[in-house]
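Undergrad: Below are the structure tokens for one structure; questions will follow.
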Amino acid sequence: LPLAADYLVAMHVEFFEFLNEVGVWKYWKHERKLNKERVLDELADIMAFFLSVAEQTKDLNNVMDDMIELAEEEMREHSTVALIRSISLGIQIGEENLTDVILMGLAIEIARRTVDATWEEIKEAYLKKSAENIRRQKEGY
């Protein structure tokens with residue numbers, strides 16, 4: 001079984017793939033066409049690794065409540081682009097408060113804000129990705 005730290009690395013990589021797909025930080029692009037299915041697919045990847053970390057290190061019930069509360073608070077106070085800048089800067093300077101819980105919550109809120117993702121769509125995307133990942137593992141991916 002991989003270590004929690006291995007899952008965190010994977011989660012961070014997936015988080016930036018998600019941000020790339022959302023693309024709101026690309027100030028040089030004047031026209032953005034978001035693909036909701038791809039955004040949700042990237043979000044599902046983050047969730048898979050987040051839940052793997054949480055399973056090893058946290059009480060999952062409390063984590064989910066904390067995650068949503070923190071993310072909603074941050075999203076009320078800042079624009080999506082401002083949050084992405086803060087995340088990038090936080091990673092650059094090694095911000096200790098930039099936890100997996102906050103990143104997961106922010107990813108969900110960014111998806112809700114940019115592609116109007118509902119909780120049902122997020123759950124569906126995660127379950128679809130989970131089934132795909134199980135299939136891949138069985139095939140030796």
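The values are calculated or read from the model by the stated rules, or taken from the named source; none is laboratory data. Quantities reported herein were computed from a predicted structural model and do not represent experimental measurements.
Undergrad: Name the helices (runs of 4 or more DSSP H) wholly within region 57-141 that hold at least 2 residues that are on the phi < 0 side of the Ramachandran plot, at pLDDT 75 or above and β-branched (Val, Ile, Thr)? Explain how you work it out, then say what you get.
TA: Values: elements: 60-77, 80-93, 100-115, 119-138.
Filter on region 57-141 gives 100-115, 119-138.
Undergrad: Looking for something among the β-branched types (Val, Ile, Thr), at pLDDT below 85, in a helix (DSSP H, G or I) and under 14 Å from the mean Cα position of the chain (by Cα) - is there at least one such residue anywhere in region 18-26?
TA: Filtering region 18-26 down to residues among the β-branched types (Val, Ile, Thr) leaves 22, 24.
This time we only want the ones that are at pLDDT below 85, so: 24.
The next check asks that each one be in a helix (DSSP H, G or I); those that pass are none.
Within region 18-26, none of the residues are among the β-branched types (Val, Ile, Thr), at pLDDT below 85, in a helix (DSSP H, G or I) and under 14 Å from the mean Cα position of the chain (by Cα).
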